[in-house]
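The values are calculated or read from the model by the stated rules, or taken from the named source; none is laboratory data. Note that the structure is a prediction, hence the values are computed from the model and not measured. Quick reminder, even Gly has a Cβ in these numbers, built from the backbone with ideal geometry, and neighbours come from all protein chains shown. Just the protein is used for accessible areas: all its heavy atoms, side chains included, with ligands, DNA and RNA removed. Shrake-Rupley method; radii C 1.70, N 1.55, O 1.52, S 1.80 Å.
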Amino acid sequence: QANSMWGGRFAAGPAEIMEQINASIDFDKILYAQDIQGSKAHCQMLMDQKIISGDDGAAILKGLDQVKGEIEAGNFTYDAKLEDIHMHVETRLKEIIGDAAGRLHTARSRNDQVATDFKLWVRDTMDQMDQALKMLQTALVTKAEQHADVILPGFTHLQSAQPVTFGHHMLAYFEMFTRDRDRLRDARGRLNECPLGAAALAGTSFPIDRTQTAEALNFRKPTANSLDSVSDRDFALEFLSVAAISATHVSRLAEEIVIWSSAQFNFVSLSDQFTTGSSIMPQKRNPDAAELCRAKAGRIIGALNSLLVVMKGLPLAYSKDMQEDKEATFDAARAYALVITAMSGMVDDMTVNAAAMKASTAAGFITATDLADWLVRVLDMPFRNAHHVTGSLVALAEKKGCDLDGLTLAEMQTVESRITDDVFSVLTVESSVASRVSYGGTAPSQVLAQVENARRRIE
Ligand code: ARG
């Protein structure tokens, strides 16, 4: 039997497989609230413009509220024959209010309707994402303040480089998430134009008021070009790229937590709340939540990639390919919310093992740069020469099997005769970090100043 929406043109119904590949209701039903919100704004505008009568409009508005109530109460029947959420809402509306329901679709198409619904959903999700990021930033700043003067090895190439403070390390992530929030705000601004009223692709001959619907739905203004309005999925791509970048940031912290919580590092411990045991090895405490945060970044990057590939090369205007925008976006949003919340939980939960961090700075000649800087400052050596002299001292210490401060002054003087006792004052990790007071540097005093600054920026 032919479709009830376009049965005029069609004599027969679709093949079973056509129905299956075509239906999006399984996933787009979560857009019901946005769909009804958009329809109500459209209906009100049609009434105000006298495109539909006040009576029909009132019946439609009331009926839409009833449909929403039914969906929320869980007594709504979904049917793949009705394809998507838009047709489900309209079909049920017709059952409730009769033929007047058919007037709602005046001057509208599912093409501008779905673009509007999806934008509303992505916009809400961006706002939730911002709140979640705020929570993570708060956790990081709190940890940073508590451990502003805890010293650990800073790495480059995962080789001991220079000592840093744990607070400084936490604030590094704070900065990444600040940029993510900036990107979100920026993308939200571009998203915030209303496609409703673009109709199928060319606009409409009815005297609609697009500014009214844009305002009713809290958009900054209507979109300027009807073809672009129904073809644009940039907003979803931008959302996914912010999520992918941000999840990549989380994955780096997750990786560090995995490394840090190993027995070999033992820099941090996670409690029972964020670890799991092994079914065979009784001693195990595995950082599964961190590993899953690391992994879900892959999934979110995949969603971005998948939508980019779907959109690439599509001719204007709407093509059904674009229905594939939703599953990837919904899945990525769900994964992202899990990742940010789990990471906030882990940052709160994490116990910092200051003694193990400090102990591990003993390896790797970690204050060699401080020694070179001393040669520059006190002996007025050009830095390149100081680098060379320090390199020789490191080689000497390595041969002797000690750290730099294990060399005697006499041994040092065999390499550079002008070195004095004063050099030992710069070889401790405490003096090293305390000296790095340049803006944004790792000194505890800088970290505490940056904590204050960070708190203000969370807003
Ligand atoms: N379910 C469709 C989607 O999500 C709605 C738009 C359908 N438009 C059309 N011309 N068939 O993209």
Near pairs, Cβ below 6 angstrom, 6+ apart or cross-chain, from the range 17-35 (free of Cβ contacts under 8 Å to residues at least 60 places away in the same chain) to any residue that is away from the ligand (no atom under 13 Å from the Cβ) and of a type in the set (A, V, I, L, M): TYR32/ILE71
Test result for LYS358, open to solvent by 40 Å² or more (accessible area, probe 1.4 Å) and within 30 Å of ASP234 (Cβ to Cβ): no
Search result, residues across the range 248-278 that are under 17 Å from SER360 (Cβ atoms) and surrounded by fewer than 21 Cβ atoms within 10 Å (Cβ to Cβ): GLU256, VAL258, ILE259, SER262, ALA263, GLN264, PHE265, ASN266, SER269
Filtered residue count, the range 96-147, keeping only those that are more than 30 Å from ALA247 (Cα to Cα) and either within 16 Å of the ligand (Cβ to nearest atom) or in a helix (DSSP H, G or I) (or both): 17
Among the candidates ALA41, ALA58, ALA11, ALA2, residue that is more than 19 Å from ARG210 (Cα to Cα) and in a helix (DSSP H, G or I): ALA58
Every residue from the range 199-238 that is among the hydroxyl-bearing types (Ser, Thr, Tyr), away from the ligand (no atom under 16 Å from the Cβ) and surrounded by 18 or more Cβ atoms within 10 Å (Cβ to Cβ): THR213, THR223
Sole residue being free of Cβ contacts under 8 Å to residues at least 40 places away in the same chain, open to solvent by 40 Å² or more (accessible area, probe 1.4 Å) and within 30 Å of MET129 (Cα to Cα), chosen from ARG384, ARG456, ARG418, ARG377: ARG456
Any hit, the range 238-249, residues being over 26 Å from the mean Cα position of the chain (by Cα) and among the hydroxyl-bearing types (Ser, Thr, Tyr): no
The range 397-413, subset assigned to a helix (DSSP H, G or I) and of a type in the set (Asp, Glu), residue surrounded by the fewest Cβ atoms within 10 Å (Cβ to Cβ): GLU398
